[in-house]
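Here the structure comes first, spelled out in structure tokens, and everything after it is commentary.
The values are calculated or read from the model by the stated rules, or taken from the named source; none is laboratory data. All figures in this text were calculated on a predicted structure; none of them were measured in a lab. Cβ placement follows ideal geometry from the backbone for every residue including glycine, while neighbour counts extend to all protein chains displayed. Accessible surface is based on the protein model in full, side chains and every heavy atom, while ligands, DNA and RNA are left aside. Shrake-Rupley method; radii C 1.70, N 1.55, O 1.52, S 1.80 Å.
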Amino acid sequence: MKITVIGHLCLDVIHLQSSERTREVRSFGGISYSLLTLANLLSPQDIIYPVFGIGPAEYDEFLQLIGRHKNIDPSGIFTLKGPTNHVHLWYSESGGGRTECSKDISPAIPFDQIKPFLGVNGILINMVSGFDITLDTLDHIRMETRDRGVPIHFDFHSLTLGVDQEAKRFRRPLTDWRRWCFMIDSVQMSEEEANGLTAERFNEETLINHLMPLMIKAFVITRGSRGATLITQHAKKLERHEIPAIDIQGSADPTGCGDVFGAAFFAHFLKDHDYRTAAVFANEVAGQKAAFSGLEGLDRISDAFSFA
């Protein structure tokens, strides 16, 4: 199996606040979570093609990081003229609040960089920065792959976030959200992203009824510690599946959990073509990710969850 992964790389600085102290964790983030989740879940015979740019200062370090995974083909990774995007994340003590600042957001990934890697079994697009690809590039991807029926999983992630003058991210509705979703096999949003998506302020039920007719087969709403909701469509009939929460062992860090969920969901779907079992599996993998900070613990998920 071959999977192409598209989205921006980040350098994350995670500030975890407690009553006693503030702990700071630095690591590669963004699309790294998607990429390394796939690498650990899939077999050495599967091939993962990441397509994104890296600043020159981090290029060698990142290739060394992924080099231990023989199923990652780095030929789609290119060097940026500018720096890698830096993201600062502050979490409140209760875990309910988050402030995000982004600096040096990378330019959109050009379609010319993506096109050589579309002859695959599936395409995972994660809008890590919200500026990862343009809508025109997404249209080109759909046109290049639709005749071959290549499944696309699209994680909205930061697509609904703007950037203010202090580099802080803020929620903003999308007037063209329907075009982003059109003819995408599976769409993923967090609960907050779904609530802030439309200018009409659609509630969740109304959003589902407007979104699913856009030729979408599965819509996933992740709810953090409360699990996830999956909406599937068969012969124009909608089915709702509630995925229960997972008990987390250790100190919860939500950074990257949505990315891990999306990668695990898509990989499992490509293996057994069942969206419900894929969502259950993804929820369990993301729950394990919440028990540690950064990327290092991702190498342990293969011990419990690998289905290679």
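The table below gives the values:
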read-out: Rel. contact order, % - alpha carbon contacts under 8 angstrom, at least six apart, the stretch 225-308; value: 30 percent
read-out: P(r), alpha carbons of the stretch 1-137 - 10 Å bins starting at zero, rounded %; value: 12, 40, 32, 14, 2, 0
read-out: Lysines with Cα under 18 Å of Lys271, excluding same-chain neighbours fewer than 8 positions away; value: Lys2, Lys217
read-out: Per-residue ³J(HN,Hα) for the stretch 173-184, Karplus 6.51 cos²θ - 1.76 cosθ + 1.60, θ = phi - 60°, Hz, x for Gly and Pro; value: x, 10, 6, 10, 4, 5, 5, 5, 8, 4, 6, 9
read-out: Exposed-loop-free span, longest in the chain, where chymotrypsin sites (Phe, Trp or Tyr not before Pro) count as exposed if DSSP calls them loop and at most 16 other C-beta atoms lie within 10 Å; value: 1-181
read-out: At R0 = 51 Å, FRET efficiency that the Cβ-Cβ distance of Glu204 and Asp303 yields, to 0.05; value: 0.90
read-out: Rounded accessible area of Val13 (nearest 10 Å², 1.4 Å probe); value: 10 Å²
read-out: Phe78 long-range amide H proximity, modeled H, under 5 Å; value: Phe52, Gly53, Ile54
read-out: For Leu11, distant residues with modelled amide H under 5 Å away; value: Gly29, Asn85, His86, Val87
read-out: Gain upon complete extension [Asp112, Asp136; 0.36 nm per residue less C-alpha separation]; value: 7.4 nm
read-out: The chain, relative contact order in percent, only Cα pairs under 8 angstrom and at least six apart counted; value: 18 percent
read-out: Point-to-point label distance, Arg26-Ala167, nm (Cα→Cβ direction, 7 Å offset); value: 1.3 nm
read-out: The stretch 265-308 and the stretch 46-91: distance between their alpha carbon centers, rounded to Å; value: 21 Å
read-out: Extended-chain gain in nm, criterion 0.36 nm per residue less alpha-carbon gap, Glu239 and Ala291; value: 15.6 nm
read-out: Selection of GluC sites (Glu not before Pro), the stretch 18-127, meeting DSSP coil and at most 16 other Cβ within 10 Å; value: Glu20, Glu93
read-out: Heavy-atom accessible surface of the chain: percent carbon and sulfur, 1.4 Å; value: 49 percent
read-out: Residue-wise HN-Hα coupling along the stretch 72-83, computed from phi with Karplus coefficients 6.51, -1.76, 1.60 (Hz; x: Gly, Pro); value: 9, 9, x, 5, x, 7, 10, 8, 7, 6, x, x
read-out: For the stretch 189-308, the spread of Cα positions along each principal axis, largest first, Å; value: 40, 30, 20
read-out: Measure of compaction for the stretch 63-209 (Cα Rg per 2.2 N^0.38 Å); value: 1.15
